[in-house]
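Trainee: Here it is: the structure, laid out below.
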Amino acid sequence: MGSGEEKQRWTVKMSAPSVLATVTVLSLIPGWVLSSQGLEAQQLAQGSTHLHRRLKRGWIWKQLFVPEEDPTPRVIGQLKSDYDRGEFSIKYILSGEGAGDVFEIDEYSGEIRTLQKLDREEKAFYVLQAQAINRRSNEPVEPQSEFIIKVQDINDNVPQFENEPYVSSISEMCPIGTTVAQVTATDADDPLFGNNAKLIYSILQGEPYFSVEPKTGIIVTSWPNMDREAREQYQVVVQVKDMLGLSGGYSSSTTVTVSLTDVNDNGPTFQHHLYTFAVPENAPVGITVGRIMADDGDVGVNARMNYSLEDLEESTTFRIQTDPVTQEGVVLLAKPLDYETKRRFVMAAEAVNDHMDTHFLSYDEFKDRTTLKIIVEDVDEPPVFLAPVYEWKVPENAMMGTVVGTVSARDIDTVNNPIRYSIDKGSDLRKAFRIDPNNGTITVAKPLDRETLSWHNVTVAAEETKQNHLSATVAVFIKVLDINDNVPRLARDYQPYICEGTQAGELVQLLSAVDPDEPVEGHHFYFSMVSEKHINPNFTIRDNQDNTAGIVARRSTFTRKDRIHFLLPVVVTDSGSPALSSTSTLTISVCSCQPTGHCPTGGVQALALSMGVSIQTLLGLLLCLVVFAADLLC
Ligand SMILES: *[C@@H]1O[C@H](CO)[C@@H](O)[C@H](O)[C@H]1NC(C)=O
Ligand SMILES: *[C@@H]1O[C@H](CO)[C@@H](O)[C@H](O)[C@H]1NC(C)=O
Ligand SMILES: *[C@@H]1O[C@H](CO)[C@@H](O)[C@H](O)[C@H]1NC(C)=O
């Protein structure tokens, strides 16, 4: 390579310097020597051969190595120009990173010294510039150049675990070699220099259950059948050491918390072989009779339980369901109880795991059985009437003391207390009945009148005479039956009239009758005349056989002149047994019936009216009087 080319490249390097390139370039430029002093021969074995090699001309540029944490001041190297003849005519100048405060140069000898302790982890290398100037001419003896001081690592950093804390969980009963976690440590020392950052992991605590791979920090299980129910958590302490674990290195440790998660490797076991519960006989359906519990070493889903009752007839009176919170079996009453019928129930109960994993247990191991004994307790219950309601009939003419009927109630308890009967006073205000307190026989106490009150609805109470005096009531409906105790009467106050000129056989008045009695087959009235020696020549009564009858004229020649009214007794008879009858005497007026067929007011008043206004009538009356007088005279 010719010198012209060297000059050219120098120029280029000066304008665009780069550390490595500069070293390369400067090593080709004659005149400089950089030597290293005071360094450990071993550490600098390679470098020192270069440093001390003196090229024929120019700088010898290599990196300078300085151990970190070395005490100061210390000579770490020397710059020397080929032109330096030892006359101190050359002045060496140092500039760049750390020049003056970290490093200084002896301007006469070119010796470079440290002024401070260096820390590689803080700054691993320094880039500096060196100049050599002729003291007299102030001209550079050599071109300015850069060199590097590299800080050499010592093991001054402790390895540190990352990502702490470590928490892991594995399934219980997992096979040997199952990965638990990986711990990782870092070391700030130089990973490329010696073993300062070469880390080795080992277990301090956790054997024989766990082991760690020395290089990777992967923790694996090393014990078979780790049982969560025996121990749920482990603290595994892992140590890391640098210097490949050799003595003299640094170490630190971390703790890995390992939890075992549950698998279904336990079946249910009842806490007792026999459960005894008591329940009162009057307990309502649905009530909780008791709780049974099968333990399961597992947790969560693996401890979920299904309960069932096994015994055929007896189990229908009860049912069982699982309490979702406690996993207990809750025994409930499904049917009403009766102490007097059945006093105890015995049945089997079974608990079965909800989730069965036959990987760990056989199917049968997920079940357990126990016995349930349920005692029915007696409760003092009120008496019970043999009929829900009583309905009786009594004739209204019944004698005092007549038996109407007998109510009967019974104490259904085993004690069977005697019972006293009574009639609720409010329901029998008239005190029409009395009850025998001992045998429940109800008798008539007062005359009954159907026409006043046809129903006596009374309340009868039955009370136990001992213990709690519990009582019950029953409704008694007493119907008063009719007897024929009322006479029939004409339906109204008839005021019949007959028109002058009425023909024989014509109807004068239609009659009907009433009777407060209520015969079972309905009313049947008979109408008749009072029987006399002579048949009435003027009127007759025709019974229509339908509870009506007609007064019918027997002759045609009724005139007011002849007679203005007739009296007609009418007999009404009912169909009762015995039959009752009444006689009413009707007054039949004779009416002129003007206009034809019409008797304006009818009856007796027509007479007075016609006397007042009608001369014809007045004349008639006078005539009548004359006739009457004549009759008397005759
Ligand atoms: C109830 O007792 C009375 C006496 O108080 C008696 O006359 C009656 O016959 C008894 N009735 C019955 C049904 O035993
Ligand atoms: C009594 O009971 C009968 C039958 O239930 C009923 O027809 C009647 O109206 C009741 N009478 C009274 C006064 O409550
Ligand atoms: C029938 O009519 C006649 C003539 O008016 C009278 O004399 C007689 O007393 C009447 N008989 C009766 C029973 O009313």
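Please treat every number below as a calculation from the coordinates, not as lab data. Just so you know, these numbers come straight off a predicted model, no measurement behind them. Methodologically, a virtual Cβ is constructed for each residue, glycine included, from the backbone with ideal geometry; neighbour enumeration extends over all protein chains shown.
Trainee: How much of the DSSP beta bridge set in the range 384-481 is antiparallel, as a percent to the nearest 5?
Mentor: Of those bridges, close to 75 percent are antiparallel.
Trainee: Starting from the amide H of residue 205, placed 1.01 Å from N in the peptide plane, find each other amide H under 5 Å away whose residue is 5 or more places distant or on another chain.
Mentor: Result for residue 205 returns 237.
Trainee: Based only on other Cβ atoms within 10 Å, what is the fewest-to-most ordering of 363, 209?
Mentor: Values: 363 11, 209 17.
Placing the least packed residue first, the sequence is 363, 209.
Trainee: Also, I was wondering about something else. Alpha carbon centre of the range 480-555 versus the range 99-146: separation in Å?
Mentor: 164
Trainee: What's the local net charge at residue 520, with K and R +1, D and E -1, over the other residues with C-beta under 14 Å away?
Mentor: Details: positive: 393, 450, 479; negative: 396, 482, 515, 517, 518, 521, 574.
That works out to -4.
Trainee: Going 7 Å from the Cα of residue 512 along its beta-carbon direction, which residues of the range 475-489 have the amide nitrogen within less than 14 Å of the resulting point?
Mentor: 489
Trainee: Another one. Take the alpha-carbon centre of the range 335-368, take the same for the range 410-451, and report the distance between them in whole Å.
Mentor: 53
Trainee: Distance cut-off 27 Å, Cα to Cα: go down the list 150/215; 335/425; 393/446; 80/117; 150/198 and report the pairs above it. Mind dumping the intermediate values first?
Mentor: Details: 150/215 30 Å; 335/425 38 Å; 393/446 15 Å; 80/117 25 Å; 150/198 21 Å.
From 150/215; 335/425; 393/446; 80/117; 150/198, over 27 Å: 150/215; 335/425.
Trainee: Got a sec? How would 435, 203 order by Cβ neighbour count within 10 Å, fewest to most? Walk me through the numbers on the way to the answer.
Mentor: Working: 435 23, 203 20.
Ordered by Cβ neighbours within 10 Å, fewest first: 203, 435.
Trainee: Which of 231, 434, 136 has the fewest other C-beta atoms within 10 Å, and how do the rest follow up to the most? Numbers along the way, then the final one.
Mentor: Working: 231 11, 434 18, 136 7.
By the 10 Å Cβ count, ascending: 136, 231, 434.
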